[in-house]
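Visitor: One structure, pasted below without further comment.
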Amino acid sequence: MLILRGLDVYYGSLHILKKVTLHVNEGEIVAILGANGAGKSTLLKSIIGLVKMASGSILFQGREINSLPVEKRVRLGLSLVPEGKGIFKPLTVEDNLLLGAYSWYNFNHKGEVKALLEEIYGLFPVLAEKRHQLAGILSGGQQQILAIARALMAKPKLLLLDEPSMGIAPNLVLEIFQHIKKLRELYNMSVLLVEQNAKLSLKISDRVYVLETGKIIFEGDSKSAMENPEIQRAYLGRDLDREVPL
Amino acid sequence: MEIFLQFFLSGVTVGAIYALIALGFNIVYNTTSILNLAQGEFVVLGGLFMWLFFQKMELPYYISFFLTLLTAGIFAFLMERLTIKPLLKTGDPLLLILITIAFSILLKGLLMFIFGKDPYGYPPLLEGMPILLGGAVIQKQVLVILAFILLTMIFLYFFFNKTILGKAMKACAFDQVAAQLMGINISRMVMLSFVLSGIFAALAGILITPITFMEYDRGAILTIKAFTASILGGLGSIWGAIAGGFILGIAENLVAGYIHSGLKDAISLVLLLIMLLLKPAGLFQKEEEVRLKKL
Ligand SMILES: Nc1ncnc2c1ncn2[C@@H]1O[C@H](COP(=O)(O)OP(=O)(O)OP(=O)(O)O)[C@@H](O)[C@H]1O
Ligand SMILES: [Mg+2]
């Protein structure tokens, strides 16, 4: 579904992503772990086209999308929930959601948009409650939910999530991920996810990559990663050597 | 009292015109954060081309009307595609504003080349005796102008609040990156904003020319008036632009009537300075709202 080959990205002369190669299969949830500044957000931005890459190639559903502008990539079925959420604060919650469907919105699809909107309201009742209020007055967590819901309105084939758990209560995070899993089955959607919360992302993902200063240093399925002592030490906050057996 | 009413009504008339021009100003400002200082030239273009179609070629009023708006739309389209689009990526508002000034000079030259330096006029849409109201004289064209302002307001309300395209433009004004992530083509929105503003300006020109006549070099002063109106109402605010237009028009005519007619244009600059110094967010916008918009 998505294949990155030898992706190089620079900010000025800073080499941020170094020959990153990874793939996401149809219907798969893939997590990317990495410390602050590893280049995770940059990776997602280059997949959606917000950041220009110096070399490498991006294949989406067998098509090279390297040189396509952002809006065309969105139309092909990529959707990013960015780090800063990107909520349109002066617009209502409902208008934010409708704009999520902009890439396929037209007169013929009006009914479909309405139906999806109601479905989304069903999944996130808090948004239904505030549908006519300005998005700017939502709490930070509610805005994050809105950002995810808005991305789902695009009916993406591959959903890119940049730290979706940021600012959301842990029990709600779990709930959101359950919705995402459900939507993946409904729409056969794939997910590429960047998370600080390693435990959670390993739990819900099928496979994981670890990014360190712009390089992929680990790749494997999430179950085995959870058992991997290196990853446990670096990302799960457990130091096995120091753990005293009782 | 009668004379006050007369000054007041003249103020409302020009005020409506300023409001129309200021609207276009704000639509472009909202989507791009740049000021289109060629706005006044589009007013002139509207008046002169309307004369060409309606008076010279003797086409029916409505056909001339739509041809004129179409011409303005095409000019605005070309302006955006040829001068703004190639430079939009630089993201330098100052450069882009200078480009609009350059274009305004070009357009002025072109209009002079086509129409010469004479003033032009044509009969208004509604002819006949002016109406007397409490001792003041109202030309029927004034009613036409007010009707058009009302129509424009309804159109804009509908466009920005009920259509996905209008919402996309608002989204674009607030956060271009996030708008892109929705699949919105930013460049197309910018083009659309220029076309809309060009059309509104030309509409103002069509409406005002029967009252004041039009000549090739009236653009700059109209741009300044529209800018003042926008600042009065709060830059970027659609409804503020309309209110600001009326306030400026009325203030101008009262000052010109009661104090000295030579001060008519000066009052605009005075108001502009006062606003920029004391309340740059405009009369109606709160500073916090402006901040929310730009965050
Ligand atoms: N626009 C930019 N210009 C220059 N350098 C940048 C820019 N954006 C990010 N960087 C740098 O690129 C590196 C990677 O940034 P990125 O945002 O991708 O990290 P991240 O892995 O998402 O970190 P975090 O977990 O904190 O979100 C950082 O060192 C950052 O300072
Ligand atoms: Mg990041």
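Visitor: Roughly how big is the protein assembly as shown's charge dipole about its Cα centre, with Cβ charges of +1 (Lys, Arg) and -1 (Asp, Glu), in debye to the nearest 20?
Guide: The calculation lands at about 500 debye.
Visitor: What FRET efficiency comes out for B:ARG81 versus A:GLN178 if R0 is 56 angstrom and r is the Cβ-Cβ distance? Round to the nearest 0.05.
Guide: 0.70
Visitor: So, one more: What is the percent of Cα-Cα separations in the stretch B:161-295 that go past 25 Å?
Guide: Result: 39 percent of Cα pairs exceed 25 Å.
Visitor: For chain A, what is the charge dipole size about the Cα centre, in debye to the nearest 20, if Lys and Arg each add +1 at the Cβ and Asp and Glu each add -1 at the Cβ?
Guide: 560
Visitor: Only Lys, Arg, Asp and Glu count, each charged at its Cβ (+1, +1, -1, -1), so figure out the dipole size of the stretch B:2-294 about its Cα centre, rounded to 20 debye.
Guide: Result for the stretch B:2-294 is approximately 700 debye, rounded to the nearest 20.
Visitor: With unit charges on the beta carbon (Lys/Arg positive, Asp/Glu negative), name the residue among A:ALA35, B:ILE238, B:ILE184 whose Cα is farthest towards the positive pole of the charge dipole of the protein assembly as shown.
Guide: After comparing all options, I get A:ALA35.
Visitor: For chain B, with a Gaussian network of springs between Cα atoms less than 10 Å apart, report the residue from B:PHE53, B:PHE77, B:PHE159 with the top mean-square fluctuation.
Guide: Taking springs between Cα atoms under 10 Å, the residue moving most is B:PHE159.
Visitor: Now, a different point. State, to one decimal in nm², a quarter of the convex hull surface area for the C-alpha atoms of the stretch B:2-294, i.e. the direction-averaged projected area.
Guide: If I average the Cα hull's projected area over directions, I get 15.5 nm².
Visitor: How far is the Cα center of the stretch A:145-195 from the Cα center of the stretch B:245-280, in Å?
Guide: Computed from Cα coordinates, the inter-centre distance equals 55 Å.
Visitor: Determine the shielding of peptide B:164-170 by partner chains: average, over its residues, the number of Cβ atoms on other chains within 10 angstrom of each Cβ.
Guide: What the average comes to for B:164-170 is 5.
Visitor: Can you give me the Cα centroid spacing of the stretch A:104-133 and the stretch A:44-101 in angstrom?
Guide: If you average the Cα positions of each part, the centres end up 20 Å apart.
Visitor: Additional query: Whose amide H sits under 5 Å from the amide H of A:ILE216, counting only residues 5 or more places off or on another chain, with H placed in the peptide plane?
Guide: Those qualifying (amide H under 5 Å, at least 5 residues apart or on another chain) are A:THR21.
Visitor: Mean-square fluctuation check for chain A, GNM, Cα pairs under 10 Å: which of A:VAL20, A:VAL194, A:VAL126 is largest?
Guide: Greatest mean-square fluctuation among the candidates belongs to A:VAL126.
Visitor: Could you go through the stretch A:69-80 in sequence order and give the Karplus-derived ³J(HN,Hα) for each residue, using 6.51 cos²θ - 1.76 cosθ + 1.60 with θ = phi - 60°, rounded to whole Hz, and x for Gly and Pro?
Guide: Couplings: x, 3, 5, 6, 5, 4, 5, 6, x, 9, 9, 10 Hz.
Visitor: If I take R0 = 30 Å and measure r between the Cβ atoms of B:ASP217 and B:THR163 in this structure, what FRET efficiency does the formula 1/(1 + (r/R0)^6) give, to the nearest 0.05?
Guide: 0.20
Visitor: So what is the 222 nm mean residue ellipticity for the protein assembly as shown from helices alone, if each DSSP H run of at least 4 adds -39500 (n - 2.57) and you divide by all residues, rounding to the nearest 500 deg cm²/dmol?
Guide: After summing the helix terms and dividing by the residues of the protein assembly as shown, the value is -18000 deg cm²/dmol.
Visitor: Out of B:ALA16, B:THR83, B:GLY128, whose Cα points farthest toward the positive end of the dipole of the stretch B:2-294 (charges: +1 Lys, Arg; -1 Asp, Glu; placed on Cβ)?
Guide: In the stretch B:2-294, that residue is B:THR83.
Visitor: Lys/Arg Cβ at +1, Asp/Glu Cβ at -1, dipole of the stretch A:84-180 taken about the Cα centre: which of A:PRO90, A:PRO164, A:HIS132 is farthest positive-ward?
Guide: A:PRO90
Visitor: Within a 10 angstrom radius of each residue's Cβ in A:98-106, how many Cβ atoms of other chains show up on average? Whole number is fine.
Guide: Counting Cβ atoms of other protein chains within 10 Å of each residue's Cβ and averaging gives 5.
Visitor: Other chains' Cβ within 10 Å of A:73-81 residues: what's the mean?
Guide: 2
No value in this document is a laboratory result; all are computed from the given coordinates. Just so you know, these numbers come straight off a predicted model, no measurement behind them. Cβ atoms come from the backbone with ideal geometry, glycine included; neighbour counts cover every protein chain shown.
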